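Shown next, in structure tokens, is the structure this report addresses.
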Amino acid sequence: MSFFFLALGTVSGAWAARIPAVKSDLGLSNGQLAYGLFALTAGLIVGMRFAGRLTDRFGSARVTTPAAVVTCLAVIPPGYAPTLPLLIASLFLYGVVNASLDVSMNAHGVEVERACGRPLMSGFHGMYSVGGLLGAGIGGLFAWLGAGR
């Protein structure tokens, strides 16, 4: 279970570390970048609404794994979007699938915690933070090496 929290944190941290490169490569102003970040947030809101329904219908375990795979893949297109409209679209999609993983893995974490009969969620969320550090470190290393964009 901790793996999913680690994965989401890693993907989120890696994306955050690459935001300056995306802004620079597309020649975006702060306001233009804000449109992309707004699209990400809108995608998160939309994704949370649908993820809850999917999780209720199919169960958290059956939603978490595919959501993790798609989230790890969906973070790639924003880094290579050649235009602001494509950046906005790709960040919206990334937000939707990111929220799907977030909702389903937290719901599954509650189920695992109940089955074990002891508190586990703080450890799961700690793994998200470790992932965020790992992802930011990887993104920063790629930037330093001039890899990617």
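The listed residues are Ala16, Ala21, and the only one of them that is open to solvent by 40 Å² or more (accessible area, probe 1.4 Å), touching a residue at least 60 places away in the same chain (Cβ under 8 Å), small (Gly, Ala, Ser) and in a helix (DSSP H, G or I) turns out to be Ala16. Every condition in (1) surrounded by fewer than 20 Cβ atoms within 10 Å (Cβ to Cβ); (2) closer than 28 Å to Ser122 by Cα holds for Leu28 except the one numbered (2).
Per-residue answers, yes or no, for (1) at pLDDT 95 or above; (2) among the acidic types (Asp, Glu); (3) assigned to a helix (DSSP H, G or I):
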site: Asn98; (1), (2), (3): yes, no, yes
site: Val103; (1), (2), (3): yes, no, yes
site: Asn106; (1), (2), (3): yes, no, yes
site: Glu113; (1), (2), (3): no, yes, yes
site: Gly126; (1), (2), (3): yes, no, yes
site: Ser129; (1), (2), (3): yes, no, yes
site: Leu133; (1), (2), (3): yes, no, yes
site: Gly140; (1), (2), (3): no, no, yes
site: Ala143; (1), (2), (3): no, no, yes
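Within the stretch 61-83, the residues that satisfy the criterion of being surrounded by 16 or more Cβ atoms within 10 Å (Cβ to Cβ) and either free of Cβ contacts under 8 Å to residues at least 60 places away in the same chain or β-branched (Val, Ile, Thr) (or both) are Val63, Thr64, Ala67, Val70, Thr71, Ala74, Val75, Ala81.
The values are calculated or read from the model by the stated rules, or taken from the named source; none is laboratory data. In this text the structure is predicted, and so the values were computed from the model without any measurement. For neighbour counting, all protein chains shown are included, and Cβ atoms are generated from backbone atoms with ideal geometry for every residue, glycine included. Accessible surface is based on the protein model in full, side chains and every heavy atom, while ligands, DNA and RNA are left aside. Shrake-Rupley method; radii C 1.70, N 1.55, O 1.52, S 1.80 Å.
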